[in-house]
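To start, the structure itself, in structure tokens.
The values are calculated or read from the model by the stated rules, or taken from the named source; none is laboratory data. Not measured: the values here are computed from a predicted model. Note: ideal-geometry Cβ built from the backbone for every residue, glycine included; neighbour counts use all protein chains shown. What goes into the accessible areas is simple: the full protein's heavy atoms, side chains included, and nothing from ligands, DNA or RNA. Shrake-Rupley method; radii C 1.70, N 1.55, O 1.52, S 1.80 Å.
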Amino acid sequence: MGDTWGYVHLFLNEGTDAAPVLGTDTLIEMVQQRAAPCAVDWNEDGKKDLLVGEKMGKIRLLVNVNTDEDPVFPIEDEYVLAGSEPLVVGQRSNPKMPDWDNDGKKDIVSGEFEGTIYFYPNIGLHDAPDFGPREQLQAGGEVLDVGDASRIDVVDWNNDGLLDILSGCYEGTIYYFEQEFIKSMTYEPGVGTRLEWHSFPGDVYTVYYSDDMQNWTQGAQMTATQETTEWIDTGSIDESKRFYKIGVHKLVFEFVSLSYESGTGTTLVWNSRPDDVYTVYYSDDLENWHQVPEQVISQGFSTEWLDTTSLDAPQRLYKVGVEY
């Protein structure tokens, strides 16, 4: 946590997740006044780093050069950049690093003293972020504004697969902004009702409709191939009477098959998302794991990989990690 004077404090949980017991206060670092820290693995090296918002609006970057158990942060001033210049949100910046635009790279979303919330898209890499021009987030077609001193968190509050925003403010109220699942719904005479919604490639969506909000009929089921999915209800003849709801079956990683062929090797098949990149590990004893040198690029909704080194190891064990 941060404090008014610019110190970042660490309280380790010495209990459990179910019954946390916080240890003694450890000072991690001092920045400018109004420190607002966010823990994130900035460079994807497996260690927690810190982004710290400050009173004057810049965001301090503290890269952990030691371990999570005993973090060490260089003392020199290093700030998050947008291009070649420090990124300046506005006074009392308080950043978070979600993948807001769902492109596989962490972005920055931050509140500030005037009460609005800004989004900075990552135009660099997941492990070497760089940020493009900022956008003010909107709610109901207008700039999202909580009054003064927006202090935010970004979370999927309602478990619909979309990131929402919680924001405090100077008055002490906590605001909840739900990201809309359905992007648009328009009726076209002679065509029907066109629905468009946010989606995740690989997830399966089921559309239901009703004319009385009591009796629901399944209208369609489809697998998303893009971040936006569209369906036209050609059976709708009156836009004012039909209602819709959409269910989602999330794509969960799992092995589809694993087969060994003498003289060839072991073939692994798993379900996947388009554009994801996978790292394969293997072990012959469940204790010593070895990483396959070349990463595997997704082949669509199903990915196949052949282990030609397993000719003499038909009982080899595998695990697969997703990188992006």
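What number of residues within the stretch 222-232 satisfy the criterion of being open to solvent by 60 Å² or more (accessible area, probe 1.4 Å) and either within 24 Å of Trp305 (Cα to Cα) or free of Cβ contacts under 8 Å to residues at least 40 places away in the same chain (or both)?
Residues of the stretch 222-232 open to solvent by 60 Å² or more (accessible area, probe 1.4 Å): 223, 225-227, 230.
Filter once more, keeping what is either within 24 Å of Trp305 (Cα to Cα) or free of Cβ contacts under 8 Å to residues at least 40 places away in the same chain (or both): 223, 225-226, 230.
Residues flagged as open to solvent by 60 Å² or more (accessible area, probe 1.4 Å) and either within 24 Å of Trp305 (Cα to Cα) or free of Cβ contacts under 8 Å to residues at least 40 places away in the same chain (or both) within the stretch 222-232 amount to 4.
Can you find even one residue in the stretch 191-198 that is buried (at least 17 other Cβ atoms within 10 Å of the Cβ) and of a type in the set (Gly, Ala, Ser)? Give the steps one after another, and end with the answer.
First, pick out the residues of the stretch 191-198 that are buried (at least 17 other Cβ atoms within 10 Å of the Cβ): 192-193, 195, 197-198.
Restricting the remaining residues to those that are of a type in the set (Gly, Ala, Ser) gives 192.
Yes; the residues of the stretch 191-198 include at least one that is buried (at least 17 other Cβ atoms within 10 Å of the Cβ) and of a type in the set (Gly, Ala, Ser).
Pairs meeting the criteria (first residue in the stretch 203-221 and hydroxyl-bearing (Ser, Thr, Tyr), second residue open to solvent by 90 Å² or more (accessible area, probe 1.4 Å) and modelled with pLDDT of 90 or more, beta carbons under 9 Å, at least 6 apart or on different chains) are Tyr205/Gln221; Thr206/Gln218; Thr206/Gln221; Tyr208/Gln218; Tyr209/Gln218. Of the residues making up the stretch 275-302, just one is open to solvent by less than 40 Å² (accessible area, probe 1.4 Å), touching a residue at least 40 places away in the same chain (Cβ under 8 Å) and in a loop (DSSP other than H, G, I, E, B), namely Asp276.
Among the residues of the stretch 35-64 satisfying the criterion of being among the small types (Gly, Ala, Ser) and under 30 Å from Glu114 (Cβ atoms), which is surrounded by the fewest Cβ atoms within 10 Å (Cβ to Cβ)?
As a first pass, look at the stretch 35-64 and keep what is among the small types (Gly, Ala, Ser): 35-36, 39, 46, 53, 57.
When the remaining residues are screened for being under 30 Å from Glu114 (Cβ atoms), the result is 35-36, 39, 53, 57.
Values: Ala35: 25, Ala36: 25, Ala39: 14, Gly53: 30, Gly57: 19.
Applying the filter and picking the extreme gives Ala39.
Identify the residue in the stretch 233-272 that is at pLDDT below 85, out of contact with any strand residue (DSSP E or B) (no Cβ under 6 Å at 6 or more places or on another chain) and among the β-branched types (Val, Ile, Thr) and, among all such residues, is surrounded by the fewest Cβ atoms within 10 Å (Cβ to Cβ). Going through the qualifying residues, I end up with Val252.
So which residues in the stretch 14-34 are open to solvent by less than 70 Å² (accessible area, probe 1.4 Å) and more than 14 Å from Tyr79 (Cβ to Cβ), if there are any at all? Passing the criteria: Gly15, Ala19, Gly23, Thr26, Ile28.
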